[in-house]
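The values are calculated or read from the model by the stated rules, or taken from the named source; none is laboratory data. Source: prediction; values computed, not measured. Here Cβ is always computed from backbone atoms with ideal geometry, including for glycine, and neighbour counts include all displayed protein chains. To get the accessible areas, we keep the full protein, side chains included, count just its heavy atoms, and leave off ligands, DNA and RNA. Shrake-Rupley method; radii C 1.70, N 1.55, O 1.52, S 1.80 Å.
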Amino acid sequence: MEFAVVLVAAGASTRMGFPKLWGDVCGRPLIAHAIDAACTACPTELIVVVSADRIAETLALAPGAQVIPGGARRRDSVADGLAASSAPWLAIHDAARALAPAELFSRGLAAAQLTGAAVPVVPLKDTIKRVVESRVVGTPPRAEHVVVQTPQIFRRDLLERALALSDDDVTDEAALVEQLGVSVATFAGDERAFKVTTPLDFALARTLLAST
């Protein structure tokens, strides 16, 4: 099946305080491992969306990819990646989920055939509370909630329509597709596809990569 991986890597990494995708993980920047992971999925196209000042460095890591500058917001970067692709299916993937296995992409492509859109999910491990002004105001049932990962898989026309319909900035593209009234399918995620966000996440990524 023809599909493109759009690797979203243009974020500012404000929570880490430094450009985390360029942090060292086993002798290489984190983004290099993300590119490797995307390549193992054997996409028809690989499009890496980075900040404009990182284009040359990224091209050196991914000479066979299209490397393009990202926009001001996540959705803008995804739209730019979509425009750079001609593939009928898109796998939108966070570069910070650098250890995502190839089978996650194949499972997603299979699941997306049902409705044109699919996202990987993993069960919640902790109790979730709704908190307003430092006060607990509710405890939603854990069984009805999941953690959503990437890659998120979309049929091209659905993602185009979703991005055109709303200018909302969102944390994932499935939220935009949901606004179309489209049912987004789910498929089994993978704990290895965790998002590297904290120093502890970096340590875990180094440990996992060193063991492979």
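The charge dipole of segment 57-177, taken about its Cα centre with unit charges on the Cβ atoms of Lys, Arg (+1), Asp and Glu (-1) only, comes to about 420 debye. Couplings 3J(HN,Hα) of segment 115-128, computed from phi: 10, x, 8, 7, 10, x, 9, 10, x, 6, 9, 10, 6, 10 Hz, in residue order, whole Hz [Karplus 6.51 cos²θ - 1.76 cosθ + 1.60, θ = phi - 60°; x for Gly and Pro]. Between GLY181, PRO88, LEU99, the Cα set farthest toward the positive side of the dipole of the chain (charges on each charged residue's Cβ, about the Cα centre) is that of LEU99. Projecting the Cα positions of VAL131, HIS145, ALA10 onto the charge dipole of the chain (unit charges on Cβ atoms of Lys, Arg, Asp and Glu, taken about the Cα centre) puts VAL131 furthest along the positive direction.
For segment 89-95, the Karplus equation 6.51 cos²θ - 1.76 cosθ + 1.60, evaluated at θ = phi - 60°, returns couplings of 10, 10, 10, 8, 9, 6, 4 Hz by residue, with Gly and Pro reported as x. Taking other residues whose beta carbon is less than 10 angstrom from the beta carbon of VAL137, and scoring Lys, Arg as +1 and Asp, Glu as -1, yields +2. Between ALA203 and ARG28, the contour length at 0.36 nm per residue exceeds the alpha carbon distance by 61.6 nm. Add +1 for every Lys or Arg and -1 for every Asp or Glu among the other residues with Cβ under 13 Å from the Cβ of MET1, and state the total. Residues near MET1 contribute +1 overall. Matching the structure-derived Rg and Dmax of the Cα atoms in Å against the labelled list [x] 21.1, 87; [y] 17.0, 51; [z] 19.6, 63 gives the label [y].
For the chain, the 222 nm mean residue ellipticity estimated from helices alone, with every DSSP H stretch of n ≥ 4 adding -39500 (n - 2.57) and the total spread over all residues, rounds to -9000 deg cm²/dmol. Couplings 3J(HN,Hα) for segment 28-33, derived from phi with the Karplus relation 6.51 cos²θ - 1.76 cosθ + 1.60 (θ = phi - 60°), are 9, x, 3, 4, 5, 5 Hz, where x marks Gly and Pro.
Close amide-amide hydrogen proximity is noted between VAL67 and VAL48, each under 5 Å apart and 5 or more residues distant or on a separate chain (H modeled in the peptide plane; Pro and chain starts excluded).
If you take the Cα centroid of segment 26-86 and the Cα centroid of segment 121-185, the two points sit 24 Å apart. For segment 119-212, a simple Cβ point-charge model (Lys and Arg +1, Asp and Glu -1, everything else neutral) yields a dipole of about 400 debye relative to the Cα centre.
The dipole here belongs to the chain: it is taken about the Cα centre, uses +1 on the Cβ of Lys and Arg and -1 on the Cβ of Asp and Glu, and is about 540 debye.
Surface composition of the chain: carbon plus sulfur atoms hold 55% of the accessible area, using a 1.4 angstrom probe and ignoring ligands, DNA and RNA. Estimated at 0.36 nm per residue, the fully extended path between ALA175 and VAL136 surpasses their Cα-Cα distance by 11.5 nm. Rolling a 1.4 Å probe over the protein heavy atoms gives segment 63-150 an accessible area of 50 Å² per residue.
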